[in-house]
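Visitor: Just dropping this structure here.
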């Protein structure tokens, strides 16, 4: 949970405190570095974009990022927002909670994508 909290604080800094705001754009487990005390830091800002300013709601971008972590609305529209990072953070949380990878091609086809495998739980919590 400490790793998740530190990553969330990093995103909060980029989205709310940096001026102008920054959209991380490639949040994934392998981009969260952890030291021996389990302090986490976000790394690899190579795809980061300056966030929208003023009355703009998004930044237009060629769709890039790591499959399994990209928000569906960003994949559909190319409109990058802080919510795109929040979606990716949710995938990282699912990885932490389940112990599974976002994409695991060694699993049966219906279980290879963590989000689509886990989605029925949110749809029907009694399954």
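No lab work stands behind these numbers, since they all come straight from the coordinates. Here the structure is a predicted model, which means the values were calculated and not measured. Because the Cβ atoms are built from the backbone with ideal geometry, glycine has one as well, and the counts that use them run over all protein chains shown.
Visitor: How much length is gained if the chain between residue 83 and residue 64 is pulled fully straight, taking 0.36 nm per residue apart and subtracting their Cα-Cα distance, in nm to one decimal?
Guide: Net length gain for the segment: 5.3 nm.
Visitor: Of 88, 29, how do they rank once you tally other Cβ atoms within 10 Å and put the fewest first?
Guide: 29, 88
Visitor: I need the peptides 2-9, 78-85, 100-107 ranked by packing, meaning the mean over residues of other C-beta atoms within 10 angstrom, with the highest value on top.
Guide: Ranking, from highest mean packing down: 78-85, 2-9, 100-107.
Visitor: What translational diffusion coefficient, to the nearest whole µm²/s, does the range 2-123 have by Stokes-Einstein, given a Kirkwood radius computed over alpha-carbon pairs, a temperature of 25 °C and 0.890 mPa s viscosity?
Guide: Rounded, D is 162 µm²/s.
Visitor: Could I ask something else about it? How long is the gain from residue 104 to residue 56 if the chain were fully straight, where each residue apart is worth 0.36 nm and the alpha carbon distance is subtracted?
Guide: Full extension from residue 104 to residue 56 adds 13.6 nm.
Visitor: Using the number of other C-beta atoms within 10 angstrom as an exposure proxy, rank 95, 111 with the fewest first.
Guide: 111, 95
Visitor: Right, something else. Which whole-number percentage describes the relative contact order of the range 2-123, with Cα contacts under 8 Å and a sequence gap of 6 or more?
Guide: 21
Visitor: Which order do 1, 64 fall in if you start with the one that has the fewest other Cβ atoms within 10 Å?
Guide: Least crowded to most crowded, the residues run 1, 64.
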